[in-house]
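The values are calculated or read from the model by the stated rules, or taken from the named source; none is laboratory data. As the structure is a computational prediction, the values presented were derived from the model and not from experiment. Methodologically, a virtual Cβ is constructed for each residue, glycine included, from the backbone with ideal geometry; neighbour enumeration extends over all protein chains shown.
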Amino acid sequence: MIRHIVDFFGDEAHARLRRRLFYLVLVLVVAADFVVPREHAEYLWERLPGWSAAYGFGSCVLLIFVSKFLGHQGGLMRREDYYD
Amino acid sequence: MTDVFVHPGLLFILGALPIPFLKGAIRNAYLLLIPVLAILAVLTLQPGTYGAASFAGQDILFAKVDKLSIVFATVFTLMALIGMVYALHVTAAGQHVAAFVYVGSALGVVFAGDYLTLYLFWEAMAFASAYLVFAQGGEQAIRAGFRYLMVHITGGLALFGGIVLHGLATGSLLFGPIEGGPIGGGPIEGGMSLGAYLIMAGFLLNAAVPPLNAWLTDAYPEATVTGAVFMSAFTTKTAVYVLARAFPGTELLVVLGTVMALYGVVYAVLENDCRRLLAYHIVSQVGYMVAGVGIGTELAVNGATSHAFAHILYKALLFMGAGAVIYVTGRRKLTELGGLYKTMPWTVALYMVGALAISAFPFFSGFVTKSMVVAAAGQDHRAIVMLALTMASSGTFLHTGLKLPYYMFFGTDRKLPAREPPRNMLVAMAMAAVLCIAIGVFPGPLYALLPYPVAFEPYTGQHVTESLGILMFTALGFVLFLKALDPENTISLDTDWFYRKGARAFMWLAERPLARYEQAVSSVSEAVVLPFLHGAARLGLRFDLGGVDAVVNGVARSVLRGGGALRRLQTGVVTHYALAMIAGVVAAVVVFAVAWR
């Protein structure tokens with residue numbers, strides 16, 4: 001049982017199905033965000049359906065590139081023998 | 001109080017003594033019995049104060065039990081049981097002793113009613129946990145262990161200085177909301193005293209708040225596989241506890257906590273060592289707790305406390321998963337791992353439970369606790385804090401939920417010979433996984449434990465779709481920019497640079513200018529002082545040859561013999577010293593406990 005589930009995420013044979021399911025989930029999440037009742041929306045963005053999807057994607061991209069920039073151009077990443 | 005009070009911390013510390021003398025199945029049973037007894041002791045605890053005494057004219061309160069301390073003690077003892085199951089296959093008694101003393105000292109801090117008791121256990125924690133790094137052996141670990149110890153002793157000194165100043169200023173060493181703080185009831189206009197700031201600095205160091213964070217990410221990945229699991233749970237969370245006790249509502253903590261949540265995430269992008277990546281996520285997650293304590297409302301402190309509870313369990317689970325991989329393959333770098341899902345499916349599945357819990361997926365523990373802190377920031381009209389913490393949770397899923405498992409278990413198949421780890425390790429992981437899901441599905445019992453009444457409903461439609469939106473579109477970003485995330489064979493500079501390079505500058509100073517100065521002094525003495533000494537020596541020689549020689553020869557011979565013995569003693573491994581230190585700590589606690597009686 002567990003092995004099958006883990007294999008589903010790992011095996012190349014399921015790659016197509018995996019990708020389709022993933023996109024389906026993305027669509028469903030955004031769709032659900034449009035129909036969900038919003039009782040207390042204190043901030044402006046909380047009233048925008050689909051805001052969290054955009055913010056999540058934006059955060060992810062921002063974190064990847066800002067960090068890599070700091071690592072490469074900012075000099076945070078060093079060779080492994082730096083302290084030796 | 002007529003109830004019998006069994007201090008769960010002493011149960012561990014005194015319970016550590018027989019471990020070296022037990023063998024095999026009896027030892028294993030004993031190692032599990034003590035945590036079980038401690039859990040029972042915590043469950044039967046009655047709020048109140050125990051062991052009030054006077055020491056050197058100061059009021060001492062060995063144990064103070066209230067709702068806040070009970071929450072932390074509950075999860076500490078649960079975690080001790082899980083950690084011991086995970087470590088059952090380890091035969092070295094020293095590691096078990098150190099783990100027991102470590103857990104016991106953490107519990108000692110949680111129940112400490114005064115600063116002296118707190119300080120004693122605080123230091124014991126540092127020494128016992130350092131042993132778990134030393135026990136790994138190898139030059140790298142021993143160096144990291146010494147750095148770890150050095151930083152914690154420095155932090156301990158700041159704490160001690162703060163305690164002394166605070167005690168002198170207020171006339172009391174009882175541990176509670178700090179005077180001059182927002183709810184300390186002290187003179188607000190005066191603000192906090194220097195002593196209070198020093199105490200806070202000591203606490204912040206143990207909470208790994210940047211720039212005082214590097215000890216954690218430096219040492220944890222160097223510890224033993226089983227030791228790191230214990231370390232991930234106790235040191236930072238006792239620090240969260242003491243902050244929640246003494247400094248709730250301190251504005252500085254909101255800023256530091258928010259920065260910290262993002263700081264850990266940024267470094268996690270760069271990291272190649274699997275356990276160091278997880279360690280940076282401790283920094284990030286503790287940021288939520290520190291921010292929650294800083295906001296200081298009932299919802300926020302509840303959030304910080306419950307998040308600490310959930311965090312201990314899922315973070316230990318993640319460390320256990322990464323530890324299992326290291327145990328089986330002997331490799332720790334993401335650039336050298338990959339394709340293990342075929343041979344370690346159970347490890348993958350259990351690790352993923354922890355990953356989903358830390359990422360705050362619905363029906364996992366992080367969802368019902370992290371959201372409390374974020375909601376508290378929202379209620380307190382702190383939009384930026386709220387947005388920053390939400391961004392950090394995107395980063396959390398990106399690394400612990402996607403990057404780490406992808407490169408460790410899936411990704412390029414490195415054809416590593418691997419198998420599932422020993423059964424006890426899997427059982428321990430399963431225990432933690434069950435708790436992660438149970439808390440997520442039934443948050444009621446955890447909410448009931450919290451210090452303030454809870455009127456918070458995590459499962460609203462809006463909250464669920466919002467969380468899923470953040471998380472799933474983070475996954476989309478991961479899929480699209482996978483290449484940019486490929487781990488690189490590097491290490492990252494953190495604030496430990498200052499003392500690692502600083503130590504080198506100090507050594508240079510000692511070797512070059514100081515050595516030259518010494519040489520200059522000695523050449524002066526050769527030119528001027530020596531002729532005078534020669535004369536004196538000739539005089540002495542006559543006296544010496546007569547009487548003293550015989551005596552000296554006798555002494556020298558015995559010194560030589562003693563020196564040989566000393567040399568044998570000195571060549572002992574550094575772990576023996578560490579063990580001796582721990583024995584000293586145990587002895588100190590025992591003496592303290594007896595004196596208190």
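Structure summary
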| item | result |
| --- | --- |
| Any pair with Cβ under 8 angstrom, 6 or more apart, that starts in segment B:493-517 at a residue that is within 28 Å of B:N272 (Cα to Cα) and ends at one that is exposed (fewer than 11 other Cβ atoms within 10 Å of the Cβ) and among the small types (G, A, S) | B:L493/A:G75 |
| Among (1) within 30 Å of B:A448 (Cβ to Cβ); (2) of a type in the set (S, T, N, Q); (3) buried (at least 23 other Cβ atoms within 10 Å of the Cβ), the one test that B:T49 misses | (3) |
| Scope segment B:480-521; condition of a type in the set (D, E, K, R) and loosely packed, with under 12 Cβ neighbours inside 10 Å; matching residues | B:K483, B:R504, B:E511, B:R512, B:R516, B:E518 |
| All positions within segment B:451-467 that are in contact with a Leu (Cβ under 9 Å, 6 or more places away or on another chain) and not aromatic (F, W, Y) | B:P451, B:V454, B:A455 |
| Output for segment B:311-347, where each listed residue is basic (K, R) and out of contact with any Leu (no Cβ under 9 Å at 6 or more places or on another chain) | B:R332, B:K333, B:K342 |
| Set B:L40, B:L68: member being over 26 Å from B:P421 (Cα atoms), touching a Lys or Arg at 6+ places or on another chain (Cβ under 7 Å) and either surrounded by fewer than 17 Cβ atoms within 10 Å (Cβ to Cβ) or in contact (Cβ under 8 Å) with a residue 40 or more places away in the chain (or both) | B:L68 |
| Evaluation of B:F361 against (1) at the interface with another protein chain (Cβ under 10 Å from one of its Cβ atoms); (2) surrounded by fewer than 24 Cβ atoms within 10 Å (Cβ to Cβ) (one fails), failing number | (1) |
| Test: residue in segment B:49-65 that is over 27 Å from B:Y452 (Cβ atoms) and assigned to a helix (DSSP H, G or I) | no |
| Elements of type helices (runs of 4 or more DSSP H) contained in segment B:205-293, each with 2 or more residues being within 14 Å of chain A (Cβ to nearest Cβ) | B:214-219, B:251-270 |
| Counted residues, segment B:335-349 - those being more than 9 Å from chain A (Cβ to nearest Cβ) and under 28 Å from the mean Cα position of the chain (by Cα) | 4 |
| Matching entry among B:V301, B:V255 (being out of contact with any Ser or Thr (no Cβ under 8 Å at 6 or more places or on another chain), in contact (Cβ under 8 Å) with a residue 24 or more places away in the chain, surrounded by fewer than 24 Cβ atoms within 10 Å (Cβ to Cβ) and not aromatic (F, W, Y)) | B:V255 |
| Output for segment B:52-65, where each listed residue is free of Cβ contacts under 8 Å to residues at least 60 places away in the same chain and surrounded by 22 or more Cβ atoms within 10 Å (Cβ to Cβ) | B:A63 |
| In segment B:477-508, the residues that are among the aliphatic types (A, V, I, L, M) and farther than 27 Å from B:M260 by Cβ | B:V479, B:L480, B:L482, B:A505, B:M507 |
| Enumerated helices (runs of 4 or more DSSP H) restricted to segment B:419-501, each holding at least 1 residues that are facing chain A (nearest Cβ under 8 Å) and under 17 Å from B:K370 (Cα atoms) | B:461-480 |
| Residue tally, condition of a type in the set (A, V, I, L, M, F, W, C) and more than 8 Å from chain B (Cβ to nearest Cβ), over segment A:1-26 | 7 |
| Options B:L426, B:L398: the member that is under 30 Å from A:E12 (Cβ atoms), touching a residue at least 40 places away in the same chain (Cβ under 8 Å) and surrounded by 22 or more Cβ atoms within 10 Å (Cβ to Cβ) | B:L398 |
| Residue within segment B:376-390 that is more than 12 Å from chain A (Cβ to nearest Cβ), under 25 Å from B:R419 (Cβ atoms) and outside any loop (DSSP other than H, G, I, E, B) present | no |
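To keep it simple, each residue is scored yes or no on (1) assigned by TED's automatic domain parsing to the domain that holds B:T49; (2) assigned to a helix (DSSP H, G or I); (3) closer than 22 Å to B:A38 by Cα.
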position	(1), (2), (3)
B:E123	yes, yes, yes
B:L159	yes, yes, no
B:G167	yes, yes, no
B:I178	yes, no, no
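Residue-wise test of (1) closer than 30 Å to B:L350 by Cβ; (2) more than 7 Å from every other protein chain (Cβ to nearest Cβ); (3) of a type in the set (V, I, T).
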site	(1), (2), (3)
A:L28	yes, yes, no
A:F34	no, yes, no
A:W51	no, yes, no
A:G56	yes, no, no
A:R78	no, no, no
